[in-house]
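The values are calculated or read from the model by the stated rules, or taken from the named source; none is laboratory data. It should be emphasised that the depicted structure is a prediction, and the values quoted were computed from it without experimental measurement. Methodologically, a virtual Cβ is constructed for each residue, glycine included, from the backbone with ideal geometry; neighbour enumeration extends over all protein chains shown. These accessible areas exclude ligands, DNA and RNA; they are computed on the full protein's heavy atoms, side chains included. Shrake-Rupley method; radii C 1.70, N 1.55, O 1.52, S 1.80 Å.
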Amino acid sequence: MRYGWLVVLLLMVGPVWASNDDGYAKVFIGTYDMFRDNQDTQYGVEAQFADGLTRYDFKPLVGLMRTREQSHYLYTGVSRTSFFAQSETGLAFTFSFGPGLYFYGDGDDTDLGHIFELRSSGGLLWEFADATRIGLHYSHLSNASITEVNPGSEMVTLTYELPF
């Protein structure tokens, strides 16, 4: 796992084709704290904007995640989607990273130790002919040890994306 991010980096900037120029609105649902006994359902919305920020086509995004136990995470960041073939449909790898604000809901969710948290996410998605997408993503939420309390949380989500 130590070199897992190297693989992610190579997939992001390697010989794969960047996504189209559409922005996407996403809805998602999944499992929060997936490796703990106190698992919870999480769901939310995200917007990925069309304009890339660098020559590597990183696109800005904003999102809001909520759990059933009323914890909330408001975040922003950058995202890149890379297709495995030069086609208008097919399989793609997507990666995103960014900071956000975590509001602990005082329920059975894990208290992540700080209001400032970083989210990294990677996943696979399939783009259909009408440019809609469905995907499966793995995410990690952590405060990067800026406090002594840093339990982190892992999430698996199913996404549905609509172009705008």
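Determine the per residue accessible area of the chain with all protein chains present and a 1.4 angstrom probe, expressed in square angstrom.
Value returned for the chain: 53 Å² of accessible area per residue.
Tell me the carbon and sulfur percent of the accessible area for the chain, rounded to whole percent, probe radius 1.4 Å.
C and S fraction of accessible area: 63 percent.
Only helical DSSP H runs with n ≥ 4 go in: add -39500 (n - 2.57) per run for the chain, normalise by residue count and round the 222 nm mean residue ellipticity to 500 deg cm²/dmol.
-2000 deg cm²/dmol
Each residue of the stretch 45-52 in order: what ³J(HN,Hα) in whole Hz does its phi give by Karplus 6.51 cos²θ - 1.76 cosθ + 1.60, θ = phi - 60°, with x for Gly and Pro?
Each residue of the stretch 45-52 in turn: 10, 8, 10, 10, 8, 6, 7, x Hz.
For the chain, find the longest principal axis of its Cα atoms and tell me its angle to the long axis of helix 4-13, 0 to 90°, nearest 10.
Computed tilt is about 30 degrees.
How long are the three semi-axes of the equivalent ellipsoid of the chain, in whole Å, if each is the root of 5 times an eigenvalue of the C-alpha gyration tensor, listed from largest down?
27, 17, 14
Which whole-Hz ³J(HN,Hα) couplings does the stretch 27-32 yield from phi under the Karplus relation 6.51 cos²θ - 1.76 cosθ + 1.60, θ = phi - 60°, glycine and proline marked x?
Rounded to whole hertz, the list is 10, 8, 8, x, 10, 9.
Extent of the stretch 60-118 along each principal axis, from alpha carbon coordinates, in Å, largest to smallest?
Extents along the principal axes: 47, 20, 15 Å.
Amide H of G77: which non-local residues (sequence gap of 5 or more, or other chain) have their own amide H closer than 5 Å, using H built in the peptide plane?
Long-range HN contacts for G77: L61.
Could you pull the Rg and Dmax for the stretch 67-158, using just the Cα atoms, both in Å?
That works out to 15.6, 48 Å for Rg and Dmax.
Given the peptides 24-35, 106-117, 72-83, arrange them by the average over their residues of other C-beta atoms within 10 Å, most packed first.
72-83, 24-35, 106-117
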